[in-house]
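Any read-out appearing in this document is the output of simple, stated calculations on the displayed coordinates, not a laboratory observation. The model shown is predicted, which means the values in this text are computed figures rather than measured ones. Glycine also receives a Cβ, built like all others from the backbone with ideal geometry; neighbour counts cover every protein chain displayed.
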Amino acid sequence: MRLLPPVTTAQSAVPVLTTLTDAKQQKAKQLTRYPTLTGAPLPKAQSDALAHELNVLYRSVMDSLGSDDARYIKRVYAAVVYSEMTARGLLAAAGCLQSKRKIVATWLLGTSLLSLSKILNNMELGHNVMHGQYDWMQHPYLNSQKFDWDIVCPAPLWQHSHNYLHHTFTNIVGRDHDVGYHLIRVTDEQPWTPSDRHNMFKTAILALGFEWAVAFHDIQISVDEYADSPDRHQTMQQKSRALFAKIARQVGKDHIVLPTLAGLTLGRSSAMTTLSGNVTANIARNLWTWAVIFCGHFTEQAHIYTHLDADETKGDWYVRQILGSSNIQGSKLFHILTGNLSHQIEHHIFSDMPASHYARIAPQLQAICRKYNLPYNTGRFGTQFQQMLGRIRHFSKPSAKEWQSYLHSQATSIAETNHAVTERSKELPTIRGLGKYLPPVMRQALFYA
């Protein structure tokens, strides 16, 4: 049974800010490094006018969808399938070759092709199809209800944490759990702790295993989200079982079944080339996905919001999406490999629009941003990547005020912390051996499963 995200319209997620009447003051505010907003930079009349222009732009694209768009996504799907088949054949064949040079060359070609297939599957195909961008086709499997991608995270769990929570509450501290992924401090609105000193190391681990972080992300969110629900145990059990079933399928396919088949048919060397190629391709896909996602959300000018407001309008929501996102410049092939998430601004305001249209509407959106004096954050990949790493490094160190605040909080919260740990431990089974070293989120998932 698929676990689907809520279908009801979410409550407002953009706070109302104090209107800035002085354009120079507003521009200076926008150029602040790592900006945090406590309100909206546009008055309601302007944000409503902005929404009208963006709605017209959206409708013009959605009304034009047709056979060309259907043909495009089918070609992407075919490219994923045939590149994977070819790559797996090359990896298995590499173990049968006699020359070491030929083995290495064939393995590199197979691994590169498999990495390409997994990246396309994850980005341009899976991410966009599961956003509902091609539901209008009524295709039997290229739709948001049935498609599932080639990573360890089940589609329904990702749709809840990403499509619903992240895209509804974008960059709201405490509501958008993608702000740091519960692991990395990226804003001064997140209290500093000693573990933040290791921000760069934690980021490296997150990048290498990004699909695993995405897989357990919704479990971590749901433990708190359903804390007061009478159906908590049933919901968490369903999610956890779906997660471990997907993990078993993915790990079994890439690390057991395919290497074993290659070994039985072509020999031990083919098993090793197949296994090593699969592992390397998964890591390459993880690194690429992490880089694109983080460069789209955590550059210097990616705005963070501090609280919610129930009176948000559609225009306010549009403004938050624009201010909280960052684009990456590149070639057409680069955009395809990013799933067009290099057009993160366009994606966040039109998440169900086929992503292949983002490049075409980008100049119009940029002109609208200039009209309303809103920054349109874009830059080359190297620039955005450097800014993203700089932000993570910056927030790994506390300011003098943050250090004093941390010392004070430690002196007053030891008893509260011990009580919270005690209460939380009641929900977890006693785990001995290596299991006790698992992260709490994994222990929670095992417990409910």
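For the reader, a short list of remarks on this structure follows.
- The chymotrypsin sites (Phe, Trp or Tyr not before Pro) of the stretch 56-123 include none that meets both criteria, a DSSP state outside H, G, I, E and B (loop) and at most 13 other C-beta atoms within 10 angstrom of the site's C-beta.
- Global form of the stretch 270-371, assessed from the alpha-carbon gyration tensor, a/c cut-off 1.5: prolate
- The stretch 117-152: chymotrypsin sites (Phe, Trp or Tyr not before Pro) in DSSP loop, at most 10 other beta carbons within 10 Å: 141
- 3J(HN,Hα) from dihedral phi, the stretch 284-292, Karplus parametrisation 6.51/-1.76/1.60, rounded to Hz, x for glycine, proline: 4, 4, 4, 4, 5, 4, 4, 4, 5
- Note on the stretch 113-204: the alpha carbon radius of gyration divided by the globular reference 2.2 N^0.38 Å gives 1.33.
- Selection from 240, 313, 326 lying farthest towards where the dipole of the stretch 189-341 points positive, charges on Cβ: 240
- The separation of the stretch 243-314 from the stretch 320-394, counted between C-alpha centres, amounts to 22 Å.
- Evaluating 6.51 cos²θ - 1.76 cosθ + 1.60 at θ = phi - 60° for every residue in the stretch 165-175, the Karplus couplings come out as 5, 5, 7, 8, 10, 3, 6, 8, 4, x, 10 Hz, glycine and proline recorded as x.
- P(r) of the stretch 43-169 over all Cα-Cα pairs, binned every 10 Å from zero, in whole percent: 11, 28, 27, 18, 9, 4, 1, 0
- Restraint check, 74/202; 74/253; 74/102; 246/397, Cα-Cα greater than 27 Å: 74/202; 74/102; 246/397
- Between the amide H of residue 329 and those of 379, 380, 381, distances stay under 5 Å, these residues lying 5 or more places away or on another chain, with hydrogens modeled in the peptide plane.
- Backbone amide hydrogens, once placed in the peptide plane, bring residue 37 within less than 5 Å of 304, 305, 306, excluding anything fewer than 5 places away on its chain.
- Here's how it looks for residue 186: its modeled amide H is under 5 Å from none belonging to a residue 5 or more places away or on a different chain.
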